[in-house]
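The values are calculated or read from the model by the stated rules, or taken from the named source; none is laboratory data. Computed from a predicted structure; not experimentally measured. All Cβ positions, even for glycine, are placed from backbone atoms using ideal geometry, and neighbour counts span all protein chains on display.
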Amino acid sequence: MTQNIRRFLFSERGADLVGICPAEALDCEPEGYRPRDILTCAKSVIVIGRRLLNGAVQAQFRRLEDGRAFAESIYSTYGLELVPNWAMLMTTFYLSDYLENTFGAATQPLGCGPVMGTLPKNTPTPMFAGPNKDGLVMNITHAAIASGIAQPGWNNFPITKRFGPRVQFGCLLTDLELEYDEPDDGPRLCDPEKCGVCSGVCPVNALPPRTGGASDVWRIAGREYEVARHRVNACTVAALGLRNEFAGIRKRGDLVHSDDPSDDEIEKAISEYAISNCSLDHYPKCFCNRCQIYCPVGEWKETFEDTGLSKGPGGLI
Ligand code: SF4
Ligand code: SF4
């Protein structure tokens with residue numbers, strides 16, 4: 001059964017990564033956001049990864065390195081928001097259909113989005129939390145780590161050997177008992193003391209550096225991982241373009257005036273923000289992502305630096 005599921009996802013749905021963990025691997029999640037809070041009979045969590053298109057990522061380099069503002073719509077459409085999330089939603093939909101029809105399984109496909117670890121429970125800005133507006137129902141980042149297809153990055157993204165953090169993940173719960181993968185306990189792909197690129201490129205200091213910066217501990221599948229304490233409100237300013245300096249072609253004005261606005265200031269800014277018509281969500285989140293696209297893990301150098309598609313973090317304007 002497990003092999004059939006993998007074959008279906010790789011050959012029928014174009015998955016690049018598939019990992020499966022038992023529902024208990026996510027028992028440390030907050031109450032209300034564990035697999036069995038969502039599907040009471042859940043036994044397995046299937047996690048699917050699809051790499052971001054290199055072409056979409058390179059569009060964001062054009063915007064951030066060459067000032068080509070038009071590139072934001074390419075990155076938004078093909079890289080971060082519209083197509084990859086639709087594709088993943090369709091993949092989890094068809095996987096549910098396949099498991100219910102073929103094995104008589106109980107299933108629950110889960111919504112996904114550009115921000116895969118943001119729960120309303122721990123994030124006061126639900127507008128930043130995925131296509132459902134109210135936030136994700138389960139932490140897909142943690143599920144990707146529990147199922148062994150990613151490791152945690154200092155930048156709070158799930159990081160993969162081949163693609164670094166440039167992967168869109170989706171997730172499905174089922175009552176089927178399957179063969180399980182273990183978390184990847186091999187050498188850490190991310191060494192923030194030696195690297196620190198994500199902290200260095202963040203324009204609003206939303207990711208503190210490893211040395212002297214605040215951190216959080218993620219508890220997943222009996223392991224503990226230290227990651228940067230992501231200042232979500234600060235990140236929202238740059239990622240949603242809440243000030244003109246971060247926004248692209250369409251300026252929305254300076255809706256906040258500091259790099260670390262309060263929850264109330266974010267709420268007010270969002271209430272004044274024009275709704276997007278080119279994204280799965282109401283609000284485009286495509287104006288930054290430096291910490292994801294410049295992370296050197298994976299085939300970054302071969303794909304972007306050696307080919308001249310990126311000048312690297314030093315080329316940011
Ligand atoms: S940019 Fe460097 S420090 Fe940041 S997540 Fe990637 S490897 Fe880790
Ligand atoms: S998306 Fe941009 S603002 Fe947000 S943490 Fe990453 S680099 Fe910082």
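Here Ala87, Ala56, Ala105, Ala25 are screened, and the one residue that is surrounded by fewer than 23 Cβ atoms within 10 Å (Cβ to Cβ), under 23 Å from Gly153 (Cα atoms) and in contact (Cβ under 8 Å) with a residue 12 or more places away in the chain is Ala56. Does Arg219 fit the bill of being basic (Lys, Arg) and in a loop (DSSP other than H, G, I, E, B)? So Arg219 fails the test. Residues in the stretch 6-25 that are more than 12 Å from Asp181 (Cβ to Cβ) and in a helix (DSSP H, G or I): Arg7, Phe8, Leu9, Phe10, Ser11, Glu12, Ala23, Glu24. Would you check if there is a residue in the stretch 277-285 being more than 28 Å from Lys194 (Cα to Cα) and without any contact (Cβ under 8 Å) to a residue 60 or more places away in the chain? Yes, that holds for at least one residue. Just name the residue that is nearest to Cys28 (Cα to Cα) out of those in the stretch 227-253 that are touching a residue at least 12 places away in the same chain (Cβ under 8 Å) and of a type in the set (D, E, K, R). It comes out as Arg229. Criterion first (touching a strand residue (DSSP E or B) at 6+ places or on another chain (Cβ under 8 Å) and within 30 Å of Ile5 (Cα to Cα)) does Asp185 satisfy it? Criteria met by Asp185. Criterion applied to Cys198, Cys190 was being within 15 Å of ligand 1 (Cβ to nearest atom), in contact with a Phe, Trp or Tyr (Cβ under 7 Å, 6 or more places away or on another chain), in contact (Cβ under 8 Å) with a residue 40 or more places away in the chain and part of a loop (DSSP other than H, G, I, E, B), and the one residue passing it is Cys190. Any residue at all in the stretch 201-212 that is over 30 Å from Ala42 (Cα atoms), more than 8 Å from ligand 1 (Cβ to nearest atom) and small (Gly, Ala, Ser)? The answer is yes; a qualifying residue exists. If I filter the stretch 266-274 for residues that are polar (S, T, N, Q), modelled with pLDDT under 90 and assigned to a loop (DSSP other than H, G, I, E, B), do I get at least one hit? Looking for residues that are polar (S, T, N, Q), modelled with pLDDT under 90 and assigned to a loop (DSSP other than H, G, I, E, B), one finds none in the stretch 266-274, hence no.
Of all the criteria given as (1) assigned to a helix (DSSP H, G or I); (2) among the aromatic types (Phe, Trp, Tyr); (3) out of contact with any Ser or Thr (no Cβ under 8 Å at 6 or more places or on another chain), the one not satisfied by Phe61 is (3). Exactly one residue out of Gly79, Gly55, Gly49 is part of a helix (DSSP H, G or I) and modelled with pLDDT of 95 or more: that is Gly55.
Filtered by the rule that a residue be at pLDDT 85 or above and surrounded by fewer than 14 Cβ atoms within 10 Å (Cβ to Cβ), the stretch 238-253 gives Asn244, Glu245, Gly253.
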